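The values are calculated or read from the model by the stated rules, or taken from the named source; none is laboratory data. If you're wondering where the values come from, they're calculated on a predicted model, not measured in any experiment. Cβ atoms come from the backbone with ideal geometry, glycine included; neighbour counts cover every protein chain shown.
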Amino acid sequence: MLHKLRSIEGFPSICNAPLSHLGMDDLDEKHPAILFHEYWMRLGNGQVPEKVKFRPADVPSILKWLMIFRAEPTDAGYSYFVHLQGTSARDMTSGLLEGKFLEEFTFGDCLTSRQTAMDSILEHGTPGFGRVELNEGSEFSSNVTVGMFPLITEIGEHFIFSVVAPETLSLRALF
């Protein structure tokens, strides 16, 4: 749906707008990130959950909004690799991004804002929430809100599960 809007009406990719910090309370109670947060809390019992405990069948309504990033250690910190991307998340981005690093499709302030948020989430072991403001004033625009959640593997690999969805409920319902 958004691919059609983007190609017909110039609807932007969420990759082309900076991410600003929000509190969890700034997301509506039906936001997929709020639902995932409840699941994430159960998985880890107050700690960063192990990725092996994640079961897609436990949260089927979230999967289309999900992007999973693997944190790859670098000399400067981490580089984030798109491990998996849900269909609705794909529709709001520059298409299929699986197998690419964040810096291959996001640049400048947009890249810095995402890296800073992800680095902080990994450092503190707590979820983070944000907003991507898109094309203000356009009849086809809707800000996108996101929740990011750290998970870890038994061998110490770090992942960030990112749940992105439009703020506008009517647009969200179209997916």
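Taking into account only those residues within the range 73-84 that are more than 16 Å from Cys15 (Cβ to Cβ) and either modelled with pLDDT of 95 or more or not β-branched (Val, Ile, Thr) (or both), which is farthest from the chain's Cα centre (by Cα)? Give the steps one after another, and end with the answer.
Let us first name the residues in the range 73-84 that are more than 16 Å from Cys15 (Cβ to Cβ), namely 73-78, 83-84.
Next, from what is left, pick out any that are either modelled with pLDDT of 95 or more or not β-branched (Val, Ile, Thr) (or both): 73, 75-78, 83-84.
Values: Pro73: 20, Asp75: 24, Ala76: 22, Gly77: 19, Tyr78: 17, His83: 12, Leu84: 11 Å.
Only one residue fits best here, namely Asp75.
In the range 22-60, how many are more than 20 Å from Ser88 (Cβ to Cβ), surrounded by 13 or more Cβ atoms within 10 Å (Cβ to Cβ) and of a type outside the set (Lys, Arg)?
Summing the residues that are more than 20 Å from Ser88 (Cβ to Cβ), surrounded by 13 or more Cβ atoms within 10 Å (Cβ to Cβ) and of a type outside the set (Lys, Arg) in the range 22-60 gives 8.
State all residues of the range 77-91 that are surrounded by 20 or more Cβ atoms within 10 Å (Cβ to Cβ), under 17 Å from Thr153 (Cα atoms) and in contact (Cβ under 8 Å) with a residue 60 or more places away in the chain; if no residue qualifies, say none.
Hit for the range 77-91 is Tyr80, nothing else.
Let's see how each residue does on (1) over 13 Å from the mean Cα position of the chain (by Cα); (2) at pLDDT 95 or above; (3) closer than 19 Å to Leu171 by Cβ; (4) part of a helix (DSSP H, G or I):
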| site | (1), (2), (3), (4) |
| --- | --- |
| Lys4 | yes, no, yes, yes |
| His37 | no, yes, no, yes |
| Ile68 | no, yes, no, no |
| Ala71 | yes, yes, no, no |
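Quick check on this structure: which one of Thr116, Thr74 is surrounded by fewer than 13 Cβ atoms within 10 Å (Cβ to Cβ) and among the β-branched types (Val, Ile, Thr)?
Values: Thr116 fails: surrounded by fewer than 13 Cβ atoms within 10 Å (Cβ to Cβ).
So the residue among Thr116, Thr74 that is surrounded by fewer than 13 Cβ atoms within 10 Å (Cβ to Cβ) and among the β-branched types (Val, Ile, Thr) is Thr74.
Taking Ser94 as the residue in question, decide whether it is in contact (Cβ under 8 Å) with a residue 12 or more places away in the chain, in contact with a helix residue (DSSP H, G or I) (Cβ under 9 Å, 6 or more places away or on another chain), small (Gly, Ala, Ser) and over 21 Å from Ala17 (Cα atoms).
Values: in contact (Cβ under 8 Å) with a residue 12 or more places away in the chain: yes; in contact with a helix residue (DSSP H, G or I) (Cβ under 9 Å, 6 or more places away or on another chain): yes; small (Gly, Ala, Ser): yes; over 21 Å from Ala17 (Cα atoms): no.
No: the conditions fail for Ser94.
Is the range 48-59 home to any residue that is in a strand (DSSP E or B), touching a residue at least 12 places away in the same chain (Cβ under 8 Å) and either basic (Lys, Arg) or more than 21 Å from Ser120 (Cα to Cα) (or both)? Give the steps one after another, and end with the answer.
If we filter the range 48-59 for residues that are in a strand (DSSP E or B), which is where we start, we get 50.
Checking which are touching a residue at least 12 places away in the same chain (Cβ under 8 Å) leaves us with 50.
Still in the running and either basic (Lys, Arg) or more than 21 Å from Ser120 (Cα to Cα) (or both): none.
No: zero hits.
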